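The values are calculated or read from the model by the stated rules, or taken from the named source; none is laboratory data. From a predicted model like this one, the values you see are computed outputs, not experimental measurements. Backbone-built Cβ (ideal geometry, glycine too); neighbour counts: all protein chains shown. Note: areas computed on protein heavy atoms with side chains; ligands, DNA, RNA excluded. Shrake-Rupley method; radii C 1.70, N 1.55, O 1.52, S 1.80 Å.
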Amino acid sequence: MSLESKLANLSLGDEASVVEAIKAEGVEKSGFASNISALCAKIASKDDNESLAALATAKAVAEGAPEAEAFNKECLVECIKLAGSKNPEVKKACTETAIAICENICPYAIKSLLPAIFSCLPVEVKWPIRELALKCVACFNKNAPRQLGNALPEIVPEVTACMWDTKKQVKTAATEAMKGACDVIGNKDIEHMTDQIIIAICKPKEVPEIMHRMAGVTFVQSVESPALAMVVPLLLRGLREKTTATKRQSAVIIDNMSKLVDNPLDAAPFLPLLLPALEQNADS
């Protein structure tokens, strides 16, 4: 039976033969690449048995056929969306499959997964779906720490918004994802304050205190985009505080850190955010 026919009539237990076909014939010749949309459709099926068989296949391919990851990753968004299923078996399977895709993908490809993950984070999306999407972000800390660090300018704003969510499960998952992000910033000058940074993100009233502590830090290590991605949101809040002392401390921190940015490309994404805020305070 061809792989195309097998994918069209999937059942639990077929996943091993799909992986074998990919490994024996390659992702193109086997027909897996040209039929990935069919697998995605099976995952999204309203028939729970079809979904479970397709999820098992996507998980097996993620774990056993790395040559197919460029196509298998297309299944991620459908896997995450199934977190809203009422069937506990489907919910368990979709979680395992989504995490398997994220944990086994080439580290240099994690940015290609971000659009699928971010599309599941808007507040109007069901909370179990948002929770699973955030768990996917958190798992990059293990298999792609450096690449996660490079992606923080895109990830931090998305995760930060979820840290204020009314659903406890979403808030917890977002906090865990942010903790994982803090672990990879690679800056010894501020990594000892990551717990306080996370608290300040969740509780704006803590911003003056963290600004006071950071203003007293002597920065000696080169500042790169991961560290800036974590600190800039707090600096912006500090510049918008009512008290002059907190605004001044934020400006001092920006001045200290900017002197240690060796590569202008690290700072470029943050200039459109920081410069207007600094200019506004300079004129006030």
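Taking the conditions exactly as written (touching a Ser or Thr at 6+ places or on another chain (Cβ under 6 Å), open to solvent by less than 10 Å² (accessible area, probe 1.4 Å) and of a type in the set (S, T, N, Q)), does SER45 satisfy them or not? No; evaluated as a whole, the condition is false for this residue. The residues of the range 105-151 that are of a type in the set (Val, Ile, Thr) and within 23 Å of PHE71 (Cα to Cα), listed by number, are ILE105, ILE110, ILE117, ILE129, VAL137. Identify the single condition in (1) open to solvent by 20 Å² or more (accessible area, probe 1.4 Å); (2) part of a helix (DSSP H, G or I) that GLY13 does not satisfy, given that it satisfies every other one. It is condition (2) that GLY13 fails.
Does SER250 satisfy the criteria of being at pLDDT 90 or above, within 24 Å of GLN147 (Cα to Cα) and hydroxyl-bearing (Ser, Thr, Tyr)? It is false that SER250 is at pLDDT 90 or above, within 24 Å of GLN147 (Cα to Cα) and hydroxyl-bearing (Ser, Thr, Tyr).
One residue stands out among those in the range 21-38 that are among the charged types (D, E, K, R) and more than 31 Å from the chain's Cα centre (by Cα): the one that is farthest from ALA65 (Cα to Cα), which is LYS29.
Scan the range 80-97 for residues that are open to solvent by 30 Å² or more (accessible area, probe 1.4 Å), farther than 16 Å from CYS120 by Cβ and not acidic (Asp, Glu) and the total you get is 4.
Do we find a residue being in contact (Cβ under 8 Å) with a residue 40 or more places away in the chain and on the phi > 0 side of the Ramachandran plot anywhere in the range 207-220? No, because not a single residue in the range 207-220 is in contact (Cβ under 8 Å) with a residue 40 or more places away in the chain and on the phi > 0 side of the Ramachandran plot. Among all residues of the range 163-179, there is at least one that is closer than 13 Å to ASN141 by Cβ, among the aliphatic types (A, V, I, L, M) and either open to solvent by 60 Å² or more (accessible area, probe 1.4 Å) or assigned to a helix (DSSP H, G or I) (or both). Looking across the range 142-162, the residues that are more than 9 Å from the chain's Cα centre (by Cα) and either within 24 Å of PRO107 (Cβ to Cβ) or buried (at least 21 other Cβ atoms within 10 Å of the Cβ) (or both) come down to LYS142, ASN143, ALA144, PRO145, ARG146, GLN147, GLY149, ASN150, PRO153, PRO157, THR160, CYS162. Taken over the range 94-117, residues that are among the acidic types (Asp, Glu) and under 15 Å from ASN143 (Cα atoms) amount to 1.
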